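Comments concern the structure below.
The values are calculated or read from the model by the stated rules, or taken from the named source; none is laboratory data. Bear in mind the structure is a predicted one, so any value in this text is a computation, not a measurement. Positions of Cβ are backbone-derived with ideal geometry, glycine not excepted, and every protein chain shown enters the neighbour counts. Remember, those area values only see protein heavy atoms, side chains included, never the ligands or the DNA or RNA. Shrake-Rupley method; radii C 1.70, N 1.55, O 1.52, S 1.80 Å.
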Amino acid sequence: KTKKKSILLRGYPFKKANRLLKRKEYLRISRDGKQIQNRHFIIRYNFNDAERPRLGIIVTKKIGNAVMRNLLKRRVREFFRHNRHHLETPLDLVVIAKKPATGLNTTTSFTSLGTLFDQLPTQRPGTVFDKATGISPRRTK
C-alpha cells in the first residue's frame, strides 16, 4: 500500500515553496488582496512575484476541535495540490474555512473549492494575453 500511495503523490508535491509561511505574507494579502467567497470558504488572493502559486490556510477554533480543523486543512491542501497547475498566474492564496464547512464530505469540499478556484483571475491586471501563442508576458517593473 505504501508504495502505491507514494507513486500517486509523486507527481503533485506540496513543497515548502508552495506555502505561505510568514505572518507578514498573510497580513499583506489581507491588506492588499481581493476576496471571493461562498457558503463554505473564503479565498483571499493577491498576485506574487514568485513563479508559482502559494497557499495559506486559516481554520479558527470556532470551526471545531483539533481533529476537525486538521481534517479541513488536509482537504484544502489536497485540493490545492491537485489543482494548482490550473492557475495560470502566480497567486498567493489564503483559504479561510467557515463554520458550514465542517459538515461537508471530501467531494463536496472539493466542489465548493473548485467553484471558487474558477473565479480566480487568469492573468495579472495590466498584461496583454497573446491568443496566438497562448503566452501572457510578465509585467516589467
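At the listed q of 0.12, 0.13, 0.19, 0.20 Å⁻¹, the Debye profile of segment 45-131, built from one uniform point per Cα, gives log10 I(q)/I(0) equal to -0.40, -0.46, -0.86, -0.93. Between amide H atoms placed 1.01 Å from N, distances below 5 Å from Ile57 occur with Val95, all of them 5 or more places distant or on a separate chain. Listed values for segment 50-60 are Karplus-derived 3J(HN,Hα) couplings in whole Hz (6.51 cos²θ - 1.76 cosθ + 1.60, θ = phi - 60°), namely 6, 8, 8, x, 10, 10, x, 10, 10, 9, 7, and x replaces Gly and Pro. Solvent-accessible area of Thr111, all protein chains in place: 80 Å² (probe radius 1.4 Å, heavy atoms, ligands and nucleic acids excluded). Name the residue farthest towards the positive end of the dipole of segment 1-126 from the options Leu72, Gln123, Ile42, assuming +1 on Cβ of Lys and Arg, -1 on Cβ of Asp and Glu, about the Cα centre. Farthest along the dipole direction, towards plus: Leu72. The fraction of accessible area contributed by carbon and sulfur in segment 46-99 is 52 percent, rounded to a whole number (1.4 Å probe; ligands and nucleic acids excluded).
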